[in-house]
Amino acid sequence: MTAMDWFPLYLSIKVAVSATLVTLVLGLPLAWLLARGDFPGRELLDAVATMPLVLPPSVLGYYLLVVLGREGLIGRFLEETMGISLVFTWQGAVIAASIVALPLLVKTAVESLESVDPELESAARTLGRSDIAVLFTITIPLAWRGIVAGVVLAFARALGDFGATLLVAGNIPGKTQTMAVAIYDAIQAGNSELANFLVLVMTVFAFGTLLILNRLNRVVRRR
């Protein structure tokens with residue numbers, strides 16, 4: 001077997017970490033809105049947030065390609081106004097992985113936020129706390145275990161995304177080729193030795209990451 005190219009692993013980690021941060025920033029407010037909000041269209045918003053979980057990755061990737069491509073509304077705007085092209089870039093891979101992972105964090109966080117007693121939040125408000133203060137001093141501290149679990153699931157999903165990432169970011173070695181895409185490439189080339197090695201590396205890394213996060217979570221719970 002030829003020398004191992006570690007770029008796909010590096011890129012996979014880079015994309016997964018970036019996508020997890022994006023998912024957390026977007027998903028936590030959305031989860032809070034779904035958990036505490038009572039407004040027309042809530043079920044529709046919930047369905048839209050959950051849709052990436054049930055859509056085939058190829059379909060989701062196609063939608064993103066249409067929106068972010070040169071002929072898409074967002075893609076054309078970004079290219080004409082800022083000279084930015086997201087298709088066939090690692091940033092495009094981050095967007096694809098973020099959309100794919102978002103429902104896992106939102107669904108997990110919603111259940112955790114809903115488990116927080118609203119009377120505790122109401123009591124804090126009667127003492128003069130603002131909604132933002134209540135969120136960060138009452139709600140999130142009581143729901144953090146579910147939020148952390150959602151973050152872990154989102155990271156794991158972003159790390160292994162294939163279909164949506166392949167359509168949006170492509171398969172450019174040294175630029176947009178993640179581990180999942182590199183494995184597919186090796187299989188297509190009939191290089192079973194390389195494919196087996198990449199699968200083993202990906203499995204060990206993913207398992208080790210989840211094991212470390214679970215142990216850290218257990219340590220924090222004991223404190």
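The values are calculated or read from the model by the stated rules, or taken from the named source; none is laboratory data. Quick caveat, the model's predicted, so the values are computed rather than measured. Quick reminder, even Gly has a Cβ in these numbers, built from the backbone with ideal geometry, and neighbours come from all protein chains shown.
Could you tell me whether Thr81 is in contact with a helix residue (DSSP H, G or I) (Cβ under 8 Å, 6 or more places away or on another chain), farther than 27 Å from Ala149 by Cα and not small (Gly, Ala, Ser)?
On the way: in contact with a helix residue (DSSP H, G or I) (Cβ under 8 Å, 6 or more places away or on another chain): no; farther than 27 Å from Ala149 by Cα: yes; not small (Gly, Ala, Ser): yes.
In short, no.
Of the conditions (1) of a type in the set (Phe, Trp, Tyr); (2) at pLDDT below 90; (3) within 22 Å of Gly92 (Cβ to Cβ), Phe207 clears all except one; give me its number.
Phe207 satisfies every listed condition except (3).
Is there a residue being more than 17 Å from the chain's Cα centre (by Cα) and either over 15 Å from Val110 (Cα atoms) or free of Cβ contacts under 8 Å to residues at least 12 places away in the same chain (or both) anywhere in region 25-35?
no
Scan region 164-173 residue by residue and report those that are touching a Ser or Thr at 6+ places or on another chain (Cβ under 8 Å) and either farther than 10 Å from Ala97 by Cα or in a loop (DSSP other than H, G, I, E, B) (or both).
Matches in region 164-173: Leu167, Ala169, Gly170.
Do you know which residues across region 118-173 are of a type in the set (Ser, Thr, Tyr), in contact (Cβ under 8 Å) with a residue 12 or more places away in the chain and surrounded by fewer than 20 Cβ atoms within 10 Å (Cβ to Cβ)? Steps first, answer last, please.
In the first step, residues of region 118-173 are kept if they are of a type in the set (Ser, Thr, Tyr); the result is 122, 126, 130, 137, 139, 165.
Filter again for in contact (Cβ under 8 Å) with a residue 12 or more places away in the chain, leaving 137, 139, 165.
Once the filter is applied, which keeps residues that are of a type in the set (Ser, Thr, Tyr), in contact (Cβ under 8 Å) with a residue 12 or more places away in the chain and surrounded by fewer than 20 Cβ atoms within 10 Å (Cβ to Cβ), region 118-173 yields only Thr137.
Going through Thr209, Thr176 one at a time, which residue ends up being of a type outside the set (A, V, I, L, M, F, W, C), outside any helix (DSSP H, G or I) and surrounded by 14 or more Cβ atoms within 10 Å (Cβ to Cβ)? Even if it seems obvious, please write down each step before you answer.
Numbers: Thr209 fails: outside any helix (DSSP H, G or I).
Answer to the selection: Thr176.
Can you pull out the residues in region 1-24 that are of a type in the set (A, V, I, L, M, F, W, C), closer than 30 Å to Asn191 by Cβ and either within 11 Å of the chain's Cα centre (by Cα) or outside any helix (DSSP H, G or I) (or both)?
Met1, Ala3, Met4, Trp6, Val15, Ala16, Val17, Ala19
So which of Val152, Val148, Val181 is at pLDDT 85 or above and over 23 Å from Ser115 (Cα atoms)?
Numbers: Val152 fails: over 23 Å from Ser115 (Cα atoms); Val148 fails: over 23 Å from Ser115 (Cα atoms).
One residue alone meets the criteria, Val181.
Among (1) surrounded by 15 or more Cβ atoms within 10 Å (Cβ to Cβ); (2) more than 26 Å from Trp144 (Cα to Cα); (3) not polar (S, T, N, Q), which single condition is Met51 missing?
(2)
Being among the polar types (S, T, N, Q), over 14 Å from Ser12 (Cβ atoms), at pLDDT below 90 and surrounded by fewer than 12 Cβ atoms within 10 Å (Cβ to Cβ): is that true of Ser115 here? Don't jump to the end; show me each part of the working.
Values: among the polar types (S, T, N, Q): yes; over 14 Å from Ser12 (Cβ atoms): yes; at pLDDT below 90: yes; surrounded by fewer than 12 Cβ atoms within 10 Å (Cβ to Cβ): no.
For Ser115, the condition - among the polar types (S, T, N, Q), over 14 Å from Ser12 (Cβ atoms), at pLDDT below 90 and surrounded by fewer than 12 Cβ atoms within 10 Å (Cβ to Cβ) - is not met.
Restricting to region 68-112, name every residue that is crowded, with 18+ Cβ neighbours inside 10 Å, among the hydroxyl-bearing types (Ser, Thr, Tyr) and over 15 Å from Gly27 (Cα atoms).
Result: Thr89, single match.
Considering each residue of region 41-66, count those that are in contact (Cβ under 8 Å) with a residue 24 or more places away in the chain and at positive phi, and give that number.
Number satisfying all stated conditions: 0.
Only one residue in Leu104, Leu159 is under 16 Å from the mean Cα position of the chain (by Cα), farther than 30 Å from Arg36 by Cβ and either at pLDDT below 90 or not aromatic (Phe, Trp, Tyr) (or both), so which one is that?
On the way: Leu104 fails: farther than 30 Å from Arg36 by Cβ.
It is Leu159.
Please verify whether region 21-29 includes one or more residues that are crowded, with 17+ Cβ neighbours inside 10 Å and of a type in the set (Gly, Ala, Ser).
yes
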